[in-house]
1. Ordered by residue, what ³J(HN,Hα) values in Hz, to whole numbers, does the stretch 96-109 give under the Karplus form 6.51 cos²θ - 1.76 cosθ + 1.60, where θ = phi - 60° and Gly and Pro are x?
2. Defining a contact as two alpha carbons under 8 Å apart and six or more residues distant in sequence, what relative contact order in percent does the stretch 3-157 show?
3. Give me the one-decimal nm value for the distance between modelled label points at ARG39 and ILE97, 7 Å along each residue's Cα-to-Cβ direction.
4. Assuming R0 = 22 Å, what is the FRET efficiency of GLU139 and ARG87, from their Cβ-Cβ distance, to the nearest 0.05?
5. Taking H as built 1.01 Å from N, whose amide H comes closer than 5 Å to the amide H of ILE27, not counting residues under 5 places away?
6. Starting from the Cα-Cα distance between SER74 and ASN115, subtract it from 0.36 nm times their residue separation and give me the gain in nm to one decimal.
7. Ranked highest first by average number of other Cβ atoms within 10 Å, how do 107-120, 133-146, 18-31, 71-84 line up?
8. Pull up all non-local amide H partners of HIS118: gap of 5 or more, or a different chain, and H-to-H distance under 5 Å with H placed in the peptide plane.
Amino acid sequence: MRDNDLLSGWALIVDRIVRGESLHRPIVTVGPTPELLSRYGLSSGGLMMKAAKVATCRRIHPEVPLDVWHNLPSLLANPLAIFPSARRDGSVVTLLIVKDRDNNPIVVAISPDANIGHNVVLSVYGKDAGFGWAATEMEAARKEGLPVYEGNGFAASLPQPPAVETASSSHGLIPSDGTAKPKRDILSIKKNSS
């Protein structure tokens, strides 16, 4: 089966679940586990998700566009970051390269399931202040010696400190006796536009 066939098959499954159609099966195949996710702790078995979980995530996380759901298998193959879940139970958090409607990163939680030999997608959602949160979680994992993947664009996605620039000001520099004081530099803070 070609990647495009798999992707369109997954998109059709998502559309059927969103429309409320019964699939007559509780678990659906998202696709194969991408090699990169296998290198960071997941089994090489496929990615599975409960059909009811797809419906629940779509309902409680409308900030994740349907297009992201349709392209989930390919987005998981090229994530922005992968790091262990705070639960430290073998599950991983994958930060996608796309953002939700509120401009927050989209997070996918995945857990290995030794009983079925596959990995289970637990949730897909937009994470408020997610880039800073992910950086903190990744640093904690590194300190514990756990594997962490950081894609090329991850550092650029982190919140940047405000830029400091100097501007000359003459406000209040001329006293009432008419003698002028030298100009001084005043620091002002500007927010970076990201």
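1. The phi angles translate into 6, 7, 10, 10, 7, 5, 9, 6, 9, x, 9, 10, 10, 9 Hz.
2. Relative contact order, the stretch 3-157: 22 percent.
3. 1.5 nm
4. That gives a FRET efficiency of 0.80.
5. ALA51
6. 12.2 nm
7. Highest to lowest by the protection proxy: 71-84, 107-120, 133-146, 18-31.
8. ASP113
Values quoted throughout were computed directly from the atomic coordinates according to the rules given, and no laboratory measurement underlies them. As the structure is a computational prediction, the values presented were derived from the model and not from experiment. When we count neighbours, we look across all protein chains shown, and the Cβ atoms used for this are built from the backbone with ideal geometry, even at glycine.
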